[in-house]
């Protein structure tokens with residue numbers, strides 16, 4: 001589903017490669033018409049629990065989107081985290097940081113957890129990046145030629 005008029009949607013997913021000992025993060029941002037705006041891939045070592053990988057992906061996307069200055073954005077990822085109260089685990093610390101950034105900056109946004117099928121682009125990016133040596137940012141620059149009418 002497209003986001004409401006004037007908002008963006010950001011899908012994020014993580015994928016692991018045990019053979020390469022990496023976790024890949026895929027991020028895709030679309031506008032309210034469902035058109036591609038930006039995508040980003042990154043990875044980190046070592047290969048870890050996928051809940052921690054997904055939570056780390058959410059933390060990285062929150063930081064990146066904040067840097068981009070986008071605040072009317074809805075986030076989608078396919079792993080739901082249950083960390084309440086004082087969770088001193090690694091997952092709890094990451095979720096705490098996500099909540100802090102989200103509550104401080106994204107007041108007109110939401111985080112949703114749809115089925116994996118709706119997160120296919122981010123999932124494909126996350127799988128592909130574990131084979132790359134560097135991170136990537138993808139963008140499409142559209143130029144328009146205007147003719148002056150005499």
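Computed from the coordinates by the stated procedures, all read-outs in this text should not be read as laboratory data. Note that the structure is a prediction, hence the values are computed from the model and not measured. FYI the Cβ positions are ideal-geometry reconstructions off the backbone, even for glycines, and counts take in every protein chain you see.
Among 21-27, 48-54, how do they line up by average Cβ neighbours within 10 Å per residue, starting with the highest?
Taking the mean over residues of other Cβ atoms within 10 Å, the ranking is 21-27, 48-54.
Compare the peptides 31-39, 4-12 by average per-residue count of other Cβ atoms within 10 angstrom and give them in order, highest first. Intermediate values should be presented prior to the final figure.
Numbers: 31-39: 13.9, 4-12: 18.4.
Top of the packing list down: 4-12, 31-39.
Stretched out fully, how many nm does the piece from residue 96 to residue 17 gain, at 0.36 nm a residue minus the Cα gap? Write out the running numbers ahead of the final one.
On the way: separation 79, 0.36 × 79 = 28.44 nm, distance 2.63 nm.
Between residue 96 and residue 17, full extension yields an extra 25.8 nm.
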